[in-house]
Every structure is written in C-alpha cells, then in structure tokens.
C-alpha cells in the first residue's frame, strides 16, 4: 500500500476516537478509542488506554483496554498489557506483563 | 524534535495536545493545542480550534487559530475562523473568512 504511515510521536497526547485506514505507529500517549484497518504498533514509549481494533497488533509499550485483532497479536517482552484480547493468533514473549483473558476464535475438537 | 504525523488515512474525533510539533495530512474534528509548530498539509480537513507556536496552513481549516509565533497561510489554503497571532503571512490565492488580530 502506497498510503503513507501515520505516527503519534513524542509528547503528544490524543484524547478521542482515532480511526485509520492504513498502518499506525504510536510513540506517544493516546486515550479513547482506536480503530486501525492496517497494522498497529505501540512502541516501547507508547502508552495507550483505549479499546483497540486492528488487523494486526504489535505492542512493546503499555496498553490498557479491550483488544480485537483478527490477524494476530504480538506482545513483546517489554510490553505491559491489561485487558481482554480477541484474536486468531497470539504471541506473548518471555518477560511481557499481561493480565486479561484471551479469546481465540477457534473451534476446539468435541472431546476437549 | 519528534514530530507526530496524522497521515492521510487517519481520522481523529477528539483532542490533540502536547509540547511537540505536529503535521496533519488527515482529518480532525475537535481541538488541537500544541507547544510546537503545526503544519496542516494540502488535502487535509481540520474542524478544530488550533493553538500552537508557528502555524502553516495549506489545507482546509474551520476553527479559530491562535499562534504564539507566526502564521503562514499558503496559496491553496482555506481558513474559516478568527486568527490571533503576532506575525502573519498570507499568500496570493489563500481563502480566508474571519477576522485577523495581530497582537504585537
């Protein structure tokens, strides 16, 4: 996609509903609601308190809120995540701080 | 200096604040207050009161603009609202509807 990436960087605070048709990198603070059609990356210095919907989510910083990411969630070792996650694929690295419930949309075999 | 970019694909309904600079290419409804420079690029639509240091507009703004530095209205810009600043530059072709106060 030739769409230029957006980023929230440095000492900028966003309060409200943010929707993005492309990819988004958050280096700053965001509070409210977040809806990203592409990949969402929260870097080590990113701090997000928002219910988040994205195609794919990578967190290295702080995230608090409900997460829904259809194509996958990656929680890096530096991350601190609090809240329920709904996804089809998840990686939580060793050292990451996570508290919440994970709901993976998979059909379990009947005898499980 | 870190610079936040609100890209073309981004839409924000709410508040933006901070001490750093900001480049807007997308759409914003709400309020913007930053300590650094703000640049509203061509194609962007901002419906918000803007408070910033230096302000450069080449897109569309509906709202009052208050600058602690200088204001630069580029040739393709469209501004509806009052402007308060200490220095202003308005290029030929800029569309402005509103009052301009220059406080020295």
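What follows draws every value from the coordinates through simple rules; no lab data is involved. Being a predicted model, the structure only gives us computed values, none of them experimental. We place every Cβ from the backbone using ideal geometry, glycine too, and count neighbours over all the protein chains shown.
Distances over 20 Å make up what percent of all Cα-Cα pairs in region A:5-90?
17 percent
I'd like to know how the protein assembly as shown sits against the 2.2 N^0.38 Å rule of thumb: what's its Cα Rg over that expected value? Could the numbers behind the result be given before it?
Values: Rg = 19.8 Å, N = 216, 2.2 N^0.38 = 17.0 Å.
Dividing the Cα radius of gyration by 2.2 N^0.38 Å gives 1.17.
For region B:36-50 and region A:14-68, what is the centre-to-centre distance using only Cα atoms, to the nearest Å?
Distance between centres, Cα-based: 22 Å.
Could you line up A:34, B:89 from fewest to most neighbouring Cβ atoms inside 10 Å?
Working: A:34 27, B:89 12.
Listing A:34, B:89 from fewest to most nearby Cβ atoms yields B:89, A:34.
Taking beta carbons within 10 Å but only from partner chains, what does the mean come to for residues A:28-39?
Numbers: counts 5, 2, 3, 2, 4, 2, 0, 1, 2, 1, 1, 0.
Taking the mean over all residues of the peptide, I get 2.
If contacts are Cα pairs under 8 angstrom and at least 6 residues apart, what is the relative contact order of chain A in percent? Kindly include the intermediate steps, with their values, before the conclusion.
Details: 319 pairs, mean separation 16.9, N = 112.
Once divided by the residue count of chain A, the mean separation gives 15 percent.
What list do you get for A:110, B:47, B:8 if you sort them by fewest beta carbons within 10 Å?
A:110, B:47, B:8
What list do you get for B:101, B:72 if you sort them by fewest beta carbons within 10 Å? Each step should come with its number before you reach the end.
Values: B:101 11, B:72 20.
By the 10 Å Cβ count, ascending, the order reads B:101, B:72.
For chain B, go through all pairs of different Cα atoms, get the mean of 1/r, take its inverse, and jot down that Kirkwood value in Å. Walk me through the numbers before you get to the answer.
Details: mean 1/r = 0.0762 Å⁻¹.
One decimal place: 13.1 Å for the Kirkwood radius.
Return a whole-number percent for the relative contact order of chain B, with Cα pairs under 8 Å and 6 or more residues apart as the contact set.
Working: 323 pairs, mean separation 17.0, N = 104.
Across chain B, relative contact order equals 16 percent.
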